[in-house]
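The values are calculated or read from the model by the stated rules, or taken from the named source; none is laboratory data. All values derive from a computational prediction rather than experimental measurement. Positions of Cβ are generated from backbone atoms using ideal geometry, with glycine treated the same way; all protein chains shown enter the neighbour counts. Just so you know, the surface numbers come from the protein's heavy atoms only, side chains and all, with ligands and any DNA or RNA stripped out. Shrake-Rupley method; radii C 1.70, N 1.55, O 1.52, S 1.80 Å.
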Amino acid sequence: MILEKDFLFRRYNKELAGKLPAFDCGDEDLNAFFQEDAFNYDAQLLGRSYCFLSALEGDIAAVFTLSNSAIRVAELPNNAKRKLVKLIPWVKQGRNYPAVLIGRLGVSQKYCNKKIGSQIIDFIKAWFLSDHNKTGCRFIVVDAYNKKDVLHFYSNDNNNFSFLFKEECQEKMYNSIPADEALKTRQMYFDLAALL
């Protein structure tokens, strides 16, 4: 794994970001988040950001933000609810299942096409299964940009995430988005129990 031998894991904060060249993942929205909003999220305890630094060059290869979340099963359409509920033993079935949200994830353009994004997903999976995790966490969730390449990155072909809603129209209804409006993100999840 390239991350383990060539990169250093650090908490991403304003001081660290100020010492290094500006992070650029090629997406203006993500760049703006990591240049300003990430620090506000951290200060308000809404999300914590982390990064991998190149051990050789000292620049930021990738940044991601995590926060607590949940899958609210009781509010899902029946087909989505059945899909998730069958994963949980009957005695433990509830209205909500604990999750960690990957709020943002960006890989520097300089380090693209090295599978660093997938390695970060694997790192997060292992982290939340380790003894260092202080809370219960059954799922990893993401609101992935509704773009073919992003959905492919998270999908079963790559990182084994599944869509929470089979159809976009169901997701629009669940999120009160008008039918004629574009769906900007798709809710996806990964069941950590699959790795046990």
note = Apart from one, (1) within 14 Å of the chain's Cα centre (by Cα); (2) closer than 18 Å to residue 88 by Cα; (3) of a type outside the set (Asp, Glu) all hold for residue 104; the odd one out is (2)
query = Going by the structure shown, is residue 100 touching a strand residue (DSSP E or B) at 6+ places or on another chain (Cβ under 6 Å), crowded, with 19+ Cβ neighbours inside 10 Å and under 25 Å from residue 62 (Cβ atoms)?
reply = yes
Members of the stretch 54-70 found to be farther than 15 Å from residue 31 by Cα and buried (at least 20 other Cβ atoms within 10 Å of the Cβ), listed by number = 69
remark   = Over the stretch 1-21, the set of residues touching a strand residue (DSSP E or B) at 6+ places or on another chain (Cβ under 9 Å) and more than 19 Å from residue 113 (Cβ to Cβ) is 8, 9, 10, 11, 12, 13, 16, 17, 20, 21
message = Being surrounded by fewer than 16 Cβ atoms within 10 Å (Cβ to Cβ) and acidic (Asp, Glu) is the filter here; which residues of the stretch 151-179 pass it?
response = 157, 167, 168
query = In the stretch 19-37, which residue that is assigned to a helix (DSSP H, G or I) and open to solvent by less than 70 Å² (accessible area, probe 1.4 Å) is farthest from residue 54 (Cα to Cα)?
reply = 37
message = Return the residues of the stretch 39-52 that are within 16 Å of residue 108 (Cα to Cα), open to solvent by less than 20 Å² (accessible area, probe 1.4 Å) and out of contact with any Asp or Glu (no Cβ under 7 Å at 6 or more places or on another chain); say none if nothing qualifies.
response = 51, 52
note = Within the stretch 103-118, residues touching a Ser or Thr at 6+ places or on another chain (Cβ under 7 Å) and either open to solvent by less than 10 Å² (accessible area, probe 1.4 Å) or within 17 Å of residue 157 (Cβ to Cβ) (or both) come out as none
ask   = If you check residue 169 against the conditions, is it in contact with a helix residue (DSSP H, G or I) (Cβ under 8 Å, 6 or more places away or on another chain) and either closer than 29 Å to residue 11 by Cα or modelled with pLDDT under 95 (or both)?
value = no
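Inspect all residues belonging to the stretch 147-159 and state whether any of them is hydroxyl-bearing (Ser, Thr, Tyr) and under 27 Å from residue 82 (Cβ atoms).
yes
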message = Could you go through the stretch 122-144 and let me know if any residue there is at positive phi and open to solvent by 40 Å² or more (accessible area, probe 1.4 Å).
response = no
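Yes/no matrix, rows are residues, columns are (1) on the phi < 0 side of the Ramachandran plot; (2) touching a Phe, Trp or Tyr at 6+ places or on another chain (Cβ under 7 Å); (3) of a type in the set (D, E, K, R):
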{"position": "150", "(1), (2), (3)": "yes, no, no"}
{"position": "161", "(1), (2), (3)": "yes, yes, no"}
{"position": "181", "(1), (2), (3)": "yes, no, yes"}
{"position": "185", "(1), (2), (3)": "yes, yes, no"}
{"position": "193", "(1), (2), (3)": "yes, no, no"}
task = Report, ordered by the first and then the second residue, all pairs with beta carbons closer than 8 Å, sequence separation of six or more or different chains, a first member in the stretch 65-90 that is closer than 10 Å to residue 164 by Cα and free of Cβ contacts under 8 Å to residues at least 12 places away in the same chain, and a second member that is open to solvent by 40 Å² or more (accessible area, probe 1.4 Å) and in a helix (DSSP H, G or I).
result = 81/74
